[in-house]
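Novice: Once you've had a glance at the structure underneath, I'll fire off some questions.
Quick note: the coordinates plus some simple rules give every number you see, no bench work behind them. These figures come from a predicted structure and were not determined experimentally.
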Amino acid sequence: MKAKAQSNNSMDVRAKQRLCYLACPSNSELRGGGFAPRHLNRWQHLLVLYDQPISYLYVYEVRHLMRRLMFYGDQAIAANQQIDQYLLKLLGTTAARIGYISSSSDPTRQYFILKRQYYQQYDLKLLLYVELDVEYNPDLVDQLFACDAIHLSGGNTYYFLYWLQQRGLMKRLQHYANHEGVLIGVSAGAIILTPDITSAQLCGDVPYAPLTICQGLELVDFAFVPHVQDTPEDYIRMQAYANQQQRVLYGCHDGDGVVVAGETVTLVGNVMRMTQTSA
């Protein structure tokens with residue numbers, strides 16, 4: 001069944017194609033021919049889509065499809081599988097292509113290979129390694145932003161931000177997150193997504209002297225800290241930071257995560273939420 005829609009070209013082609021795939025996952029004929037991206041023009045309204053094989057009506061609200069962000073505390077333990085399921089939903093397909101930005105030089109690709117293996121368990125393809133400092137190759141940048149998702153790795157958050165600034169990638173990452181693909185932040189990479197990266201001090205990151213501007217990508221209005229240990233000292237320091245910054249702070253244990261889909265923020269696992277307290 002065709003969605004009745006007024007013409008509006010504000011939705012990008014990749015987003016339209018993803019919706020077609022989600023609407024008709026088991027009918028290649030409908031997906032490939034009878035139901036085309038041009039049927040999904042009015043993205044700010046409800047679209048009623050008919051899936052022939054199971055004869056149900058599905059309603060997809062596409063009011064803010066564009067912003068899709070994953071905040072991982074880590075990607076090293078089995079508990080992350082619950083967060084991974086949200087990632088698969090945001091991607092909409094297991095055939096997604098993922099690019100990787102390394103927070104620092106990885107000469108043997110040790111960490112990249114580990115992440116490739118991590119994503120392979122879901123048949124996701126980690127295709128492209130991009131390094132910002134030692135082996136930076138500007139010819140890879142366009143390929144990176146053509147991926148369905150971009151993985152921002154863990155490491156020292158201050159050093160990572162410095163090189164993102166030096167390579168002029170901040171605005172392009174912001175545009176990508178708001179209009180094109182999924183940003184996957186792990187530990188330091190997740191902190192980069194926030195308004196200010198100084199929450200990195202809460203998990204032990206040492207400032208990098210050449211970095212003078214600690215403004216992150218500002219894709220959300222909250223702060224984030226990974227590797228929370230549930231000690232009294234952790235609580236005190238996180239509360240002090242929330243008060244200082246006058247914003248919500250989410251603290252993630254390893255295995256926890258935060259998922260942002262449009263305007264919806266979902267806490268996965270035992271995520272701590274610290275709010276500003278009155279003096």
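Novice: Quick one: compute a quarter of the convex hull surface over the Cα atoms of the range 79-137 and quote it in nm².
Specialist: Mean projected area for the range 79-137: 4.4 nm², to one decimal.
Novice: Let me ask another. Would you mind giving the three semi-axes, in whole Å and largest first, of the ellipsoid equivalent to the range 68-274 according to its Cα gyration tensor?
Specialist: 24, 20, 16
Novice: Name the aspartates and glutamates eligible as straight-distance cross-link partners of residue 115: C-alpha to C-alpha under 17 Å, and not fewer than 8 places from it in the same chain.
Specialist: Excluding near neighbours in sequence, the set is 74, 84, 106, 123, 131, 148, 254.
Novice: Pairs of alpha-carbon atoms within less than 8 angstrom and 6+ residues apart define the contacts here; what relative contact order does the range 139-279 have, in percent?
Specialist: Reported relative contact order: 19 percent.
Novice: Please compute the length gained on full extension between residue 137 and residue 267, using 0.36 nm multiplied by the number of residues separating them and subtracting their Cα-Cα distance. Mind dumping the intermediate values first?
Specialist: Numbers: separation 130, 0.36 × 130 = 46.80 nm, distance 3.61 nm.
Taking residue 137 through residue 267 to full extension adds about 43.2 nm, to one decimal.
Novice: Calculate the length of the line joining the C-alpha centroid of the range 210-279 to that of the range 103-159, in whole Å.
Specialist: Value for the Cα centre distance between the two parts: 25 Å.
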